[in-house]
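K.L.:
Structure below; questions to follow.
What follows is calculated from the coordinates using simple rules that are stated; it is not laboratory data. Values in this document were obtained by computation on a predicted structure and should not be read as measured data. We place every Cβ from the backbone using ideal geometry, glycine too, and count neighbours over all the protein chains shown.
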Amino acid sequence: MASAQKIVDALKKQKITHAIGVPDNGSARIYELLREDTKIEVITVTREGEAFAIAAGLYIGGKKPVIIIQNTGFLESGDAFRGTVFNMQIPIVVLIGYRGYHNRDEDGKWVDSVTSFLEPTLKAWNLPYQKLEMDDDLDSIEWAYVKTKETSLPAAVLLIGHAK
């Protein structure tokens, strides 16, 4: 599992101003650490789609937000993603908790159907991504910020497991 503190440090290195989303079991420690930093405002929303609209507005207003949500919420927020950060070409990084990634049945199939939908959906929506499971994968955060700068489009980092 990746260290929540190291994930937060990587986000701070990118000079984020806001973290927006819905905390879940996998991201709870990340949110807890972000709330401790007085330079970063944490905004929790009731539905993940709201995070995209808020992040777009903050970016247009000169801020540097990151969205932190779970895969189920990301899929639920598809139209908000499309209509704001994708169509408006807002270079936002989205950290997506990959719930169910390690849960497979005896035949090797994912137990939670959301796991089988996530990556094909990201590809269909032309959202580039990398996976972050261990501390050795932390460079995926910097990769995402470089990608957004190069393309003026969003990029994602898939958080596998619970950040400790």
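K.L.:
Kirkwood Rh and Cα-based Rg: tell me the resulting Rg over Rh for the chain, rounded to two decimals.
P.N.:
0.94
K.L.:
Of all trypsin sites (Lys or Arg not before Pro) in the stretch 1-64, which ones are in loop regions per DSSP and have a Cβ with at most 16 other Cβ atoms within 10 Å?
P.N.:
For trypsin sites (Lys or Arg not before Pro) across the stretch 1-64 that sit outside H, G, I, E and B with at most 16 neighbouring Cβ atoms in 10 Å, the list reads LYS15, LYS39, ARG47, LYS63.
K.L.:
Would you please give the residues with an amide H less than 5 Å from that of GLN70, counting only those at least 5 places away or on a separate chain, with H modeled from the backbone geometry?
P.N.:
VAL22, GLY97
K.L.:
Excluding same-chain residues fewer than 8 positions from LYS39, which aspartates and glutamates have a Cα within less than 20 Å of its Cα?
P.N.:
ASP9, GLU142
K.L.:
So which GluC sites (Glu not before Pro) in the stretch 24-115 are both in a DSSP loop and have at most 15 other Cβ atoms within 10 Å of their Cβ?
P.N.:
GLU36, GLU106
K.L.:
Still on this model: Report relative contact order for the chain in percent, whole number only (criteria: Cα-Cα under 8 Å, sequence separation at least 6).
P.N.:
29 percent
K.L.:
Another one. For the stretch 45-164, what number of Lys pairs, 8 or more residues apart or on separate chains, have alpha-carbon atoms under 24 Å from each other?
P.N.:
Value for the stretch 45-164: 13.
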